[in-house]
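Peer 1: Quick one: this structure, given as structure tokens, is what I'll be asking you about.
The values are calculated or read from the model by the stated rules, or taken from the named source; none is laboratory data. Predicted model, so just to flag it, every value in this text is computed and none were measured. All Cβ positions, glycine included, derive from the backbone under ideal geometry; neighbour counts span all protein chains shown.
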Amino acid sequence: MAGRINDDDVKAVRDAVPIDAVVSEYLQLRNAGGGNLKGLCPFHDEKSPSFHVSPAKGLYHCFGCQEGGDTVDFIMKIDHLSFAETIERLASQAGITLRYEEGGYTPGRQQGERTRLVEAHKAAAQFYVEQLDGPEAEIARKFLAERGFDQAAAQHFGVGYSPAGWDHLTRFLRGRRFSDQELVLSGLSQEGRRGPIDRFRGRLMWPIRDIAGEVVGFGARKLRDDDNGPKYLNTPETPLYRKSQVLYGIDLAKKEIARTNRAVVVEGYTDVMACHLAGVTTAIATCGTSFGEGHIKILRRLLMDNSGSEVVFTFDGDAAGQKAALRAFEDDQKFAAETSIAITPGGMDPCDLRLAKGDQAVADLVESRTPLFEFALRHVVARHNLDTTVGRAAALDEAAPIVAHIKNSSIQHESAVQLAGMLGILDTQFVVRRVSQLARWARERGRDGAGPDQGRQQRRGPGPGPEQPAPAPGPRGPALNLRSPAHRVERELLKLALQRPDLVSPAFDAYGADEFTAPPYAVVRQCIEDAGGATAGAADNTYVPRVREAAPDDTVRAMVTELAVEPLHTRRDPDEAYAGVQLVAVRLAAVNQRVTEIRGTLQRLGPRADPEHLAAVQNELWVLQQYGQSLRERGYAAL
């Protein structure tokens, strides 16, 4: 059984790997103010960023789906890892050697399954690279050279060679203490008549990496005529590799994609290599499958999907390329980004183009792109006989919905006018009205909740976000009403107490949990006290983690995370004056509530009440009223 990782080592790993560095491997982050960052949530579909990261606190929280936690929680969630596997991966990145309790650590026996499979792929990738230099791999080196790739290019992309024998890699990995079960599960080996044999034999090998740069599979190109397998053979579906969720080259292209707000989608491994070597370093490709939903999600997160970003598809000009382009257009509405197409001349792919005409021709190809909707429009119109009234009407019926789906309204209008000209319809306004009507119907269908986001929106009411975050359900008591000024100011004070404890100390620590009228907020106040209070937290970078640990359950822990990440409701940096306003507002609300309770008590006592008791209650009321008046007049100084 796996040993338990030493607690001090777990803490060292948490402290050593900044959360923003980890999260930015998966999505683009931008400044959200107050030292926080934001991006599109990787855990649910959204069109505007509600996923916030606080580097100072080491926490993230999504105000759309309520996912939140620290660096370890993020990796566990996004890569479906166990706690131990996550700590092992982060420790490897940070160069930390872990210690294991309960009998010590035996390498290769106490790692999680995913970690073992990643290590096997890493070793296999290095093995294939080394084989590329051998005499048997002459055919592979010749293949690369004929396509314009030298040794430096092969090294940059980690290209290798799999020997033609039955079990060269299998024996090599057994020597690295990987079991036969692990080799078959990884897809590197397959069952033969006498045990596992290599899946890839006598082929040129491309390592396929995930967005974090881990090798998760391979693409293998046939080199010999006596190889009866397919031209390209990819790793099968495994716990690591799902072809619908990986993009070849994404590890090399992700930073440039985020920087330029552009991604270029090509069709093959050599096309990615050709584009990158030609200076188009945003090129990526699918791995043996068509571009689909999973790939879109990856790009949307990197592009911070908005109307200023762009996805360029490159396809051959032949029938297959046109069919692929039209398939891509079907997914156009899943992007907020603009989608374009670059058709390679003469049926050449980017690799052939670079070989024939040089690097500049590849760069020019991408720059010569045209909007994807325009390509689809011309393709549809070309199918009809525009010399007849029936043909023009049929073309309009098929083409108008394409124009109606154009996201930019001004481009939509111009394209409707252009469509009228393409069809030879003199009444331009007739076409414009037709397109406008279809666009309006599409918007109305969207408002009726056709999409998953709209459905969720209708069920939970107004959309949450930094301006009005949706709370996690409280551990007890009624649901919060964030329209209540008292609840909103209590929330703001708790945010200050977690994010800027120096501004509210020491006054905050004198507040009782009963001064927070929303039950879940009262529990969070108690957690802060149990963690040592805001005063102690002002000089302690483990303060927020200790508050999270003090939470009685996951619901409260999630709320602590949310409050620690959510932006404050001030457009400038918070200061003592802003903090004082929140402190006074919460205290004054508590005083007013107590005044109301005492007045109710006096009314119930009536004229026959015990004089001493009546005097005591009246005196308490007077003191509270005077205190409330002082708070209103003097503010923070009266606390």
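Peer 1: Within the range 567-587, work out how many residues are out of contact with any Asp or Glu (no Cβ under 8 Å at 6 or more places or on another chain) and either modelled with pLDDT under 90 or surrounded by fewer than 20 Cβ atoms within 10 Å (Cβ to Cβ) (or both). Lay out the reasoning, then the answer.
Peer 2: Initial filter on the range 567-587 (out of contact with any Asp or Glu (no Cβ under 8 Å at 6 or more places or on another chain)): 567, 570-581, 583-585.
Pick out the ones that are also either modelled with pLDDT under 90 or surrounded by fewer than 20 Cβ atoms within 10 Å (Cβ to Cβ) (or both) and you get 567, 570-578, 580-581, 585.
Residues in the range 567-587 being out of contact with any Asp or Glu (no Cβ under 8 Å at 6 or more places or on another chain) and either modelled with pLDDT under 90 or surrounded by fewer than 20 Cβ atoms within 10 Å (Cβ to Cβ) (or both): 13 in total.
Peer 1: Report whether or not Asp225 is surrounded by fewer than 16 Cβ atoms within 10 Å (Cβ to Cβ) and either in a loop (DSSP other than H, G, I, E, B) or in contact with a strand residue (DSSP E or B) (Cβ under 7 Å, 6 or more places away or on another chain) (or both). Don't jump to the end; show me each part of the working.
Peer 2: Working: surrounded by fewer than 16 Cβ atoms within 10 Å (Cβ to Cβ): yes; either in a loop (DSSP other than H, G, I, E, B) or in contact with a strand residue (DSSP E or B) (Cβ under 7 Å, 6 or more places away or on another chain) (or both): yes.
Answer is yes for this residue.
Peer 1: Which one of these is among the aliphatic types (A, V, I, L, M) and closer than 22 Å to His487 by Cα: Val595, Val617?
Peer 2: Details: Val617 fails: closer than 22 Å to His487 by Cα.
None of the others qualify; the one that does is Val595.
Peer 1: Checking the conditions here, which among Asp305, Asp332 is within 30 Å of Ser48 (Cα to Cα), in contact with a Lys or Arg (Cβ under 9 Å, 6 or more places away or on another chain), at pLDDT below 80 and crowded, with 21+ Cβ neighbours inside 10 Å? Steps first, answer last, please.
Peer 2: Working: Asp332 fails: crowded, with 21+ Cβ neighbours inside 10 Å.
Exactly one of Asp305, Asp332 is within 30 Å of Ser48 (Cα to Cα), in contact with a Lys or Arg (Cβ under 9 Å, 6 or more places away or on another chain), at pLDDT below 80 and crowded, with 21+ Cβ neighbours inside 10 Å, namely Asp305.
Peer 1: Of all residues in the range 237-255, which are surrounded by fewer than 18 Cβ atoms within 10 Å (Cβ to Cβ), within 21 Å of the chain's Cα centre (by Cα) and either among the charged types (D, E, K, R) or under 20 Å from Leu353 (Cα atoms) (or both)?
Peer 2: Within the range 237-255, the first condition is being surrounded by fewer than 18 Cβ atoms within 10 Å (Cβ to Cβ), and the residues that meet it are 237-239, 242, 244-245, 255.
Narrowing the set further to residues that are within 21 Å of the chain's Cα centre (by Cα) leaves 239, 242, 244-245, 255.
Correct list: Arg242, Lys255.
Peer 1: Would you be able to say whether some residue in the range 350-365 is assigned by TED's automatic domain parsing to the domain that holds Gly424 and among the acidic types (Asp, Glu)?
Peer 2: Our first condition is that a residue be assigned by TED's automatic domain parsing to the domain that holds Gly424; within the range 350-365, this holds for none.
Looking through the range 350-365, none of the residues is assigned by TED's automatic domain parsing to the domain that holds Gly424 and among the acidic types (Asp, Glu).
Peer 1: Take Leu588 and tell me if it is assigned by TED's automatic domain parsing to the domain that holds Tyr511, closer than 29 Å to Ala638 by Cβ and part of a helix (DSSP H, G or I). Reasoning before the result, please.
Peer 2: Numbers: assigned by TED's automatic domain parsing to the domain that holds Tyr511: yes; closer than 29 Å to Ala638 by Cβ: yes; part of a helix (DSSP H, G or I): yes.
Yes; evaluated as a whole, the condition is true for this residue.
Peer 1: Any idea which of (1) buried (at least 24 other Cβ atoms within 10 Å of the Cβ); (2) in contact with a Pro (Cβ under 6 Å, 6 or more places away or on another chain); (3) farther than 22 Å from Thr289 by Cα is the one Val266 doesn't satisfy?
Peer 2: The single condition Val266 does not satisfy is (3).
Peer 1: I've got another one for you. Go through the range 285-309 and give me each residue that's closer than 21 Å to Asp349 by Cβ, part of a loop (DSSP other than H, G, I, E, B) and within 18 Å of the chain's Cα centre (by Cα). First the steps, then the outcome.
Peer 2: Here is the first cut: in the range 285-309, the ones closer than 21 Å to Asp349 by Cβ are 285-292, 295, 299.
From what's left, part of a loop (DSSP other than H, G, I, E, B): 286-292.
Hit for the range 285-309 is Gly292, nothing else.
Peer 1: Does Phe218 meet the test of being assigned to a loop (DSSP other than H, G, I, E, B), out of contact with any helix residue (DSSP H, G or I) (no Cβ under 7 Å at 6 or more places or on another chain), of a type in the set (Phe, Trp, Tyr) and under 19 Å from Gly288 (Cα atoms)?
Peer 2: Numbers: assigned to a loop (DSSP other than H, G, I, E, B): no; out of contact with any helix residue (DSSP H, G or I) (no Cβ under 7 Å at 6 or more places or on another chain): yes; of a type in the set (Phe, Trp, Tyr): yes; under 19 Å from Gly288 (Cα atoms): yes.
Judged against the criteria, Phe218 is not a match.
Peer 1: Please verify whether the range 165-178 includes one or more residues that are closer than 30 Å to Ala356 by Cα and touching a residue at least 12 places away in the same chain (Cβ under 8 Å). Even if it seems obvious, please write down each step before you answer.
Peer 2: Taking the range 165-178 as the starting set, the residues that turn out to be closer than 30 Å to Ala356 by Cα are none.
No - not one qualifying residue is present in the range 165-178.
Peer 1: Among the numbered conditions (1) of a type in the set (A, V, I, L, M); (2) at pLDDT below 85; (3) not in a loop (DSSP other than H, G, I, E, B), tell me where Val312 comes up short.
Peer 2: The number of the failed condition is (2).
Peer 1: Can you tell me which residue is surrounded by the most Cβ atoms within 10 Å (Cβ to Cβ) among those in the range 335-360 that are polar (S, T, N, Q) and over 10 Å from Asp271 (Cβ atoms)? Outline the logic, then answer.
Peer 2: Kept after step one, since they are polar (S, T, N, Q), are these residues of the range 335-360: 339-340, 344, 360.
Filter once more, so that each one left must be over 10 Å from Asp271 (Cβ atoms): 339-340, 360.
On the way: Thr339: 24, Ser340: 21, Gln360: 11.
Filtering the range 335-360 for residues that are polar (S, T, N, Q) and over 10 Å from Asp271 (Cβ atoms), the one surrounded by the most Cβ atoms within 10 Å (Cβ to Cβ) comes out as Thr339.
Peer 1: Before we move on, is Ala263 farther than 29 Å from Ala120 by Cα and either more than 22 Å from the chain's Cα centre (by Cα) or not basic (Lys, Arg) (or both)?
Peer 2: Working: farther than 29 Å from Ala120 by Cα: yes; either more than 22 Å from the chain's Cα centre (by Cα) or not basic (Lys, Arg) (or both): yes.
The answer is yes for Ala263.
Peer 1: Does any residue of the range 38-48 turn out to be at pLDDT below 85, in contact with a Lys or Arg (Cβ under 6 Å, 6 or more places away or on another chain), buried (at least 16 other Cβ atoms within 10 Å of the Cβ) and among the charged types (D, E, K, R)?
Peer 2: Looking through the range 38-48, none of the residues is at pLDDT below 85, in contact with a Lys or Arg (Cβ under 6 Å, 6 or more places away or on another chain), buried (at least 16 other Cβ atoms within 10 Å of the Cβ) and among the charged types (D, E, K, R).
Peer 1: Still on this structure, please answer the following. If a residue counts only when it is under 21 Å from Thr238 (Cα atoms) and in contact with a strand residue (DSSP E or B) (Cβ under 9 Å, 6 or more places away or on another chain), which helices (runs of 4 or more DSSP H) contained entirely in the range 133-181 have at least 2 such residues? Quick ask: steps written out before the conclusion?
Peer 2: Working: elements: 138-146, 151-157, 168-175.
Passing ranges, in order: 168-175.
Peer 1: Could you identify the single residue in Arg433, Arg392 that is of a type outside the set (Ser, Thr, Tyr) and surrounded by fewer than 18 Cβ atoms within 10 Å (Cβ to Cβ)?
Peer 2: Arg433
Peer 1: I would also like to ask the following. Select from the range 30-67 the residues that are over 13 Å from Glu566 (Cβ atoms) and among the hydroxyl-bearing types (Ser, Thr, Tyr) and list them in ascending order.
Peer 2: Ser48
Peer 1: Kindly list, by first and then second residue, each pair from a residue in the range 122-144 that is among the small types (Gly, Ala, Ser) to a residue that is at pLDDT 95 or above and part of a helix (DSSP H, G or I), limited to pairs with Cβ atoms under 7 Å and residues at least 6 apart or on different chains.
Peer 2: Ala123/Leu173; Ala124/Leu169; Ala124/Leu173; Ala137/Gln131
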